[in-house]
Amino acid sequence: MQALNSESGEIRLVNLTKKFGETVAVKDINLTIPHGSYCCLLGPSGCGKTTILRMIAGHETPSSGEIFIGENMVVGLPPVQRGTAMMFQSYALFPHLSIRDNVAFYLKMRGVAKEERRRQADEMLERVQLAHLRDRMPAQLSGGQQQRVALARSLITNPRVLLLDEPLSALDEFLRLQMRGELKALQNELGITFVHVTHTQPEAIALADMVVVMDNGRIDQAASAREIFNTPATPYVARFMGAQNVMTGTVQGMSNGVAFLKGAQGVSFEIAGKRDLKAGDTVSFAVRRDRIATHRRAKASGPQPVNAIVGRIDAIEYQGNFVKVSIDVPGLDSFVANVPDAEYFVEPIKPGDEVTASWNREQAHVLDEVDTGSSDPYAAS
Amino acid sequence: MPSSLERRPWTFYVLATLMALFVLFLYGPMISVLILSFQGTSASLSFPLRDPSLIWFDELFNPTRVGDVPGAFSRSLPLAVIVMVLTVLISVTAGFGFRRRFGGAGALFYMAISSLIIPGLVLSIGILVTAQFLGISASWYGTALGAHLTWTLPFGLLIMFAILGRLSPSYEEAAFDLGASRWQSIKDVVVPIVFPGMIAVALFGFTLSYDEFPRSWLTVGTKNTLPLEIWTMTTNVTSPALYALGTTTTVISFLVIALALGSIILIQRRRSK
C-alpha cells in the first residue's frame, strides 16, 4: 500500500479546553502528536479522551484553545478539509447501503461518477480483503468484517490522520487481538497518524508509540508505552496501568545516591535514587508487581528488614505464567506481588498466611507527585 | 424432556380461549358483512344468503336509491391522501426539530399530543364554531382537513419521535466526516434509514383520516365524506347495498395497508440481502 497522504499529520493541541455547560471535560491541554505515530489516548470513561478525539475530528468545537494539523489551524473546518477521518465506536455503517456503497459514500458526496467511485471502492475493499462481500448489507457482516468496512470507508478519504474511537471494544477477545495486530500493521504500512481512544491498558501498551494517560480532563503523562509502564509519572498512572505498587515515606537522609525513608507504619525503605531528595521530604514511589519477592514470615522476627513489607495474604489468583498474590498491608490500599509460577509452587502460600514482601532498592521508582490515597481509577469521575 | 413436563398449564387454555373469542369478535362481523354484501335480489338484510350476486355493488355506483357513494368516495380518498402527505411532512420535520433539545420542547410536545384526549365530537363543534366566527365556510378540504390533522399528527409525531430518538447521531456524524453537507446527510443517510417509519406514519395518516367520523361530523360542510355517508345510509337505506359499501371500503383499507407493509418488507429484504 502506498503512503496515502504526503502532508504532515502532526497534531498540536494548544491550551485546549472543552466545557459542556458547567462541566469541564477537557482542561487546558497541550499535546503534540508526531506525524506518523500511533498515539493512544488512555483513561477511564469520562476522563475526556473521546472529547479530545471528537474535537480533533471536528465533531465537537473547543470552548477555547487551538488545534493544528500539520501547519493548519483546523478549528472551524469540516473534517474533510482537516484531512482527518474518524472510525466510530459502533462503526456507524449506513444500514441501508451495501458494503460497496458504504465505502463509496465519500466519493458520492464529492460527485464522483458511479463507475469511477465503484472502481475505487472495490479497490479499497480489496485492500481490506472484503471484495467478495461488496454486495452484502452491513447487518450481514460479522463484527470484525464491519470494522474493516469502517476502516475502508475512512481510508478512502485519503486522510493524514485516522481517528479511532474505542475501535476494538465491540469485538470478542479473540477478534480483538487479531484486529489489534491488523491496526498496527496498517498504520505501519500507511505511515499516517493514528489516534486511538481506549480504556484498556494492554491495548495501549501493545499498539502505541505514544501513550497519553488522562484523568479528569487532564493529561497525567504522555510518553512511550515502555516509559508509562515502567516509570509512571504519578500515583494515578502507576495505579491505572495496574502493574505497580505505590508507597509513601518521609526522607530521613541521603548517602551515596541512596535515599533512606521511613514509611507510615515504621517501615524503612531505601531508594537507589538519581534524584536529589532532601531529608524531611515526603515522597511516593512505585515498585513493579513482578519485582516483588514473597516469603512466609518467620516466627521470631528480628530487626525490621529494609524494603520489606509485612502483611496477610488476601487472595491468590493463578494467571498461568505467574501467580497474582494480593497482600493486605495495614496502611496501604492494595499491594500485589506477581510471583512467577515456578517460584510460587516451590513453597505455595495460602490466603491468611503472613508474608514478607521485599524488593531491591534499585527497583523503586520515585513518582513526581505524592500519593494522596487517590481513589479507584475505574470509579466514575 | 419427558412429555409429561411439556403439558401446557391451564392458563394456556384460558388465554387461548380469550384470544379465539377476541379474533371472532374482531373478524366475525366483518366476515358477516362481507358475505351478506353478495345477497341476491331478495334484498334481505340478514342471513341466510340467497342467490349470491353482485347487484348491490352495482347499485353502489349507480346511485338510484342509495346516497351519493361515488361522490363521498371522491372526497374521502383525496382527503385521506392529503392528510397522509401532510402528516408525513409535518411529523418528519418536527421529528428532526425535536432531535435537538430546545427551550419549551416538552411543553410543545405535550400540547401537540393532548389533542388525542379531546373528544372528537367536541373538537368538531369547536372547529365549526370558530370557522363560522372567522367567516370560513366548512368544507372537506378546509375545516375537515384541519380536524383530521388534529387526530393524525399526534400519532405521526409519536412514531417519528420514537424512531428518530433511537437513531444514533453517529450516522449523521459519519456522513459529515465523509464530506456530506447537512442536506446530503439527511437525503442520503437519515431519510433512507427512517423510511420504514415514514411509511408507518403515512399509513396511520391515511387510515385514520379515511375512517374518521366524529371529527368529520360538523366540519365537512354540506358534502359528506364516506364514513358520514355510511352513517346516513344506516338510517335510511334498507338494502344490502350497505353491506356492499362496507365490503368495498374495507377492501380499500386493506389494500392501503398491504401496500404499505409490502413496501416496508421490500425495503427490509433489500437491506438484508
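The values are calculated or read from the model by the stated rules, or taken from the named source; none is laboratory data. These numbers come from a predicted model, not from an experiment. Cβ sites come from the backbone with ideal geometry, for glycine too, and all protein chains shown count toward neighbours.
Scanning the range A:57-74 for residues that are more than 14 Å from chain B (Cβ to nearest Cβ), in a loop (DSSP other than H, G, I, E, B) and crowded, with 18+ Cβ neighbours inside 10 Å yields a count of 2. The number of residues in the range B:147-171 that are of a type in the set (Gly, Ala, Ser), within 30 Å of A:ALA104 (Cβ to Cβ) and more than 14 Å from chain A (Cβ to nearest Cβ) comes to 1. Residues that are free of Cβ contacts under 8 Å to residues at least 60 places away in the same chain and over 14 Å from B:ALA80 (Cβ atoms) within the range B:194-221 comprise just one, B:GLY197.
Within the range B:211-221, is there a residue that is assigned to a helix (DSSP H, G or I), under 30 Å from B:LEU60 (Cβ atoms), away from chain A (no Cβ under 14 Å) and under 23 Å from the mean Cα position of the chain (by Cα)? Steps first, answer last, please.
Initial filter on the range B:211-221 (assigned to a helix (DSSP H, G or I)): B:211.
Within this subset, residues satisfying the condition of being under 30 Å from B:LEU60 (Cβ atoms) are B:211.
Within this subset, residues satisfying the condition of being away from chain A (no Cβ under 14 Å) are B:211.
Within this subset, residues satisfying the condition of being under 23 Å from the mean Cα position of the chain (by Cα) are B:211.
Checked the range B:211-221: at least one residue is assigned to a helix (DSSP H, G or I), under 30 Å from B:LEU60 (Cβ atoms), away from chain A (no Cβ under 14 Å) and under 23 Å from the mean Cα position of the chain (by Cα).
Residue-level check: of (1) over 22 Å from the mean Cα position of the chain (by Cα); (2) buried (at least 20 other Cβ atoms within 10 Å of the Cβ); (3) assigned to a loop (DSSP other than H, G, I, E, B), A:PRO167 misses just (1).
Between A:LEU162, A:LEU151, the distinction of being touching a strand residue (DSSP E or B) at 6+ places or on another chain (Cβ under 9 Å) and assigned to a helix (DSSP H, G or I) belongs to A:LEU151 only. Looking across the range A:105-128 at every residue that is away from chain B (no Cβ under 14 Å) and among the aliphatic types (A, V, I, L, M), the one that is surrounded by the fewest Cβ atoms within 10 Å (Cβ to Cβ) is identified as A:ALA113. For the range B:227-255, the candidate set comprises residues that are crowded, with 18+ Cβ neighbours inside 10 Å and over 28 Å from B:ASP51 (Cβ atoms); within that set, the residue that is farthest from the other protein chains (Cβ to nearest Cβ) is B:LEU228. Would you be able to tell me the number of residues in the range A:154-193 that are in contact with a Leu (Cβ under 7 Å, 6 or more places away or on another chain) and charged (D, E, K, R)? Residues that pass the stated criteria total 4.
Scanning the range B:177-187 for residues that are more than 7 Å from chain A (Cβ to nearest Cβ), free of Cβ contacts under 8 Å to residues at least 60 places away in the same chain and farther than 19 Å from A:ALA150 by Cβ yields B:SER181, B:ARG182, B:TRP183, B:LYS187.
Among the residues of the range A:217-228, is there at least one that is in contact with a Gly (Cβ under 7 Å, 6 or more places away or on another chain) and surrounded by 20 or more Cβ atoms within 10 Å (Cβ to Cβ)?
Keep residues of the range A:217-228 that are in contact with a Gly (Cβ under 7 Å, 6 or more places away or on another chain), which gives A:217.
Subset that is surrounded by 20 or more Cβ atoms within 10 Å (Cβ to Cβ): A:217.
Looking through the range A:217-228, at least one residue is in contact with a Gly (Cβ under 7 Å, 6 or more places away or on another chain) and surrounded by 20 or more Cβ atoms within 10 Å (Cβ to Cβ).
Scanning the range A:83-95 for residues that are assigned to a loop (DSSP other than H, G, I, E, B) and more than 7 Å from chain B (Cβ to nearest Cβ) turns up A:GLY83, A:GLN89, A:TYR91, A:LEU93.
Collect the residues in the range A:79-126 that are of a type in the set (Val, Ile, Thr) and in contact with a Phe, Trp or Tyr (Cβ under 6 Å, 6 or more places away or on another chain), keeping them in residue-number order.
none
Restricting to the range A:129-160, and then to whatever is more than 10 Å from chain B (Cβ to nearest Cβ) and of a type in the set (A, V, I, L, M, F, W, C), can you tell me which residue is surrounded by the fewest Cβ atoms within 10 Å (Cβ to Cβ)? It comes out as A:ALA131. A single member of B:SER91, B:SER53 is part of a helix (DSSP H, G or I) and in contact with a Gly (Cβ under 6 Å, 6 or more places away or on another chain), and it is B:SER91.
Quick one: is A:ARG226 within 30 Å of A:THR50 (Cβ to Cβ) and without any contact (Cβ under 8 Å) to a residue 24 or more places away in the chain? Yes: the conditions hold for A:ARG226. Residues that are within 17 Å of A:ALA225 (Cα to Cα) and over 13 Å from the mean Cα position of the chain (by Cα) within the range A:36-52 comprise A:GLY36, A:SER37, listed in sequence order. Taken together, the residues in the range B:28-56 that are crowded, with 16+ Cβ neighbours inside 10 Å, hydrophobic (A, V, I, L, M, F, W, C) and at pLDDT 80 or above amount to 4.
Per the listing B:ALA144, B:ALA202, B:ALA174, the residue uniquely within 28 Å of B:ILE265 (Cα to Cα), crowded, with 20+ Cβ neighbours inside 10 Å, of a type in the set (A, V, I, L, M) and away from chain A (no Cβ under 14 Å) is B:ALA202. Answer yes if at least one residue in the range A:96-104 is within 34 Å of the chain's Cα centre (by Cα), part of a helix (DSSP H, G or I), crowded, with 19+ Cβ neighbours inside 10 Å and within 8 Å of chain B (Cβ to nearest Cβ), and no otherwise. No, that holds for no residue. Each residue in the range A:188-200 was checked for being buried (at least 20 other Cβ atoms within 10 Å of the Cβ) and more than 15 Å from A:ASP165 (Cα to Cα), and 2 of them qualify.
Residue count for the range A:243-279 satisfying the condition of being part of a strand (DSSP E or B) and in contact with a strand residue (DSSP E or B) (Cβ under 8 Å, 6 or more places away or on another chain): 22.
What pairs can you find where one residue is in the range A:335-346 and under 21 Å from A:ARG312 (Cβ atoms), the other is of a type in the set (Asp, Glu), and their Cβ atoms are less than 7 Å apart, with a gap of 6+ or different chains? Between residues of the range A:335-346 that are under 21 Å from A:ARG312 (Cβ atoms) and residues that are of a type in the set (Asp, Glu), the close pairs are A:ASN338/A:ASP290.
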